[in-house]
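Computed from the coordinates by the stated procedures, all read-outs in this text should not be read as laboratory data. What you are looking at is a predicted structure, and each value in this text was computed from that prediction instead of being measured. For neighbour counting, all protein chains shown are included, and Cβ atoms are generated from backbone atoms with ideal geometry for every residue, glycine included.
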Amino acid sequence: MTRCDGVTVHAPAKINVGLAVGAVRSDGFHELTSVFLAVSLYDEVTATPARALTVTCEGPDADKVPLDQTNLAAHAAELLATLHNLPPNVHLHIAKNIPVAGGMAGGSANAAAALLACDALWRLGTPREDLLTICADLGSDVPFSLIGGAALGTGRGEKLTELPIAGAFHWVLAIAHEGLSTPVVFREFDRLAQGTRMPPPTIPQTLTHALAAGDATTLASALRNDLQPAALSLRPSLAATLAVGTEAGALAALVSGSGPTIAFLVTDAKAAAVIAAALTTSGTCRTARVVTAPAQGASVLPTPLGQGLGTAL
Ligand code: C5P
């Protein structure tokens with residue numbers, strides 16, 4: 001698949017540098033406050049004209065991605081087509097780098113990318129507000145995949161306020177051999193929290209100030225993820241991964257979202273290379289990836305001039 005066959009959009013993975021989880025709501029979702037940070041690990045979705053809605057996928061986790069209508073990217077194309085009273089005739093090809101069930105919003109990134117790719121392919125010019133409404137219908141993390149950068153999420157995570165962020169933060173991601181199911185991690189959170197009073201989920205201002213100041217040391221001391229104990233309870237081996245990266249010199253570490261990916265905050269690119277090497281040789285994870293933040297949200301990638309739809313978009 002080459003980019004000039006259609007429209008290619010890439011969308012970033014996220015980590016939650018702050019995730020405060022509150023009580024379960026009547027709709028089954030947890031009230032939460034999240035500080036989302038987009039990192040430079042991307043999935044690409046290419047949309048090409050087709051006679052029906054079809055999905056293909058390539059990448060290390062491709063065998064774990066559903067290719068039917070349950071695929072979040074396919075669902076995104078359907079919702080956009082319905083909004084415009086069109087048949088969802090498109091082929092979506094997903095080039096996957098973000099781990100599946102890794103707590104990094106990989107499926108959400110695919111949905112946001114598919115939405116933007118179909119909007120461009122079908123030349124719809126859907127207002128941003130309408131795209132964000134579709135994103136929120138698709139899943140709690142999908143609106144953030146569209147906007148990227150850094151944002152405060154409330155409600156079930158879908159109500160976003162963009163946050164100021166300065167400079168670049170360096171991270172190493174330890175990607176686990178096997179994923180964890182988000183609903184299962186939330187259920188484990190409920191089991192561990194049984195009998196405790198749930199305060200409203202809040203994030204300390206130190207965290208958002210550290211992002212705004214580009215201050216990695218202060219951010220390191222303010223990182224928080226309420227789902228981490230649940231992820232560690234379900235996957236105790238994550239403790240060994242956390243120990244390797246921390247001993248190799250990371251400023252701080254935390255489980256990303258519902259896990260099992262672990263994000264290590266580091267001082268600079270040099271430290272990142274050292275920690276990634278230590279993680280890889282330790283054998284405590286499948287692979288380690290060096291990334292920076294912030295990354296921009298879902299964006300159309302340039303098509304070679306004069307080919308395909310590139311000049312018309
Ligand atoms: O919104 P999304 O489909 O990504 O959520 C996946 C699952 O994670 C939900 O079905 C729910 O079990 C859990 N979840 C939750 N509270 C949230 C977000 C997700 O319990 N705020």
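For the reader, a short list of remarks on this structure follows.
Condition check ((1) within 12 Å of the ligand (Cβ to nearest atom); (2) of a type in the set (Phe, Trp, Tyr); (3) buried (at least 22 other Cβ atoms within 10 Å of the Cβ)) across all residues:
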{"position": "27", "(1), (2), (3)": "yes, no, no"}
{"position": "31", "(1), (2), (3)": "yes, no, no"}
{"position": "41", "(1), (2), (3)": "no, no, yes"}
{"position": "50", "(1), (2), (3)": "no, no, no"}
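- Matching residues in the range 128-138 - criterion: being crowded, with 22+ Cβ neighbours inside 10 Å and under 16 Å from the mean Cα position of the chain (by Cα): 135, 138
- Residue match in the range 3-11 (condition: in a helix (DSSP H, G or I) and within 15 Å of the ligand (Cβ to nearest atom)): no
- Within the range 144-157, restricting attention to residues that are on the phi > 0 side of the Ramachandran plot and crowded, with 21+ Cβ neighbours inside 10 Å, the residue that is farthest from the ligand (Cβ to nearest atom) is 148.
- Selection status of residue 116, crowded, with 24+ Cβ neighbours inside 10 Å and over 27 Å from residue 230 (Cα atoms): yes
- Which numbered condition residue 167 misses (of (1) buried (at least 20 other Cβ atoms within 10 Å of the Cβ); (2) assigned to a loop (DSSP other than H, G, I, E, B)): (1)
- If you check 226, 137, 141, 215 for being away from the ligand (no atom under 16 Å from the Cβ) and of a type outside the set (A, V, I, L, M), only one passes: 215.
- Entirely in the range 171-264, the helices (runs of 4 or more DSSP H) that have 2 or more residues that are closer than 15 Å to residue 35 by Cβ: 205-213, 216-222
- Those residues of the range 163-190 which are in contact (Cβ under 8 Å) with a residue 60 or more places away in the chain and within 16 Å of the ligand (Cβ to nearest atom), in sequence order: 179, 180, 181, 182, 185, 186, 189, 190
- Selection over the range 234-267 of residues that are within 16 Å of the ligand (Cβ to nearest atom) and under 20 Å from the mean Cα position of the chain (by Cα) gives a count of 7.
- Residue that is assigned to a strand (DSSP E or B) and either more than 15 Å from the ligand (Cβ to nearest atom) or surrounded by fewer than 16 Cβ atoms within 10 Å (Cβ to Cβ) (or both), where the choices are 56, 70: 56
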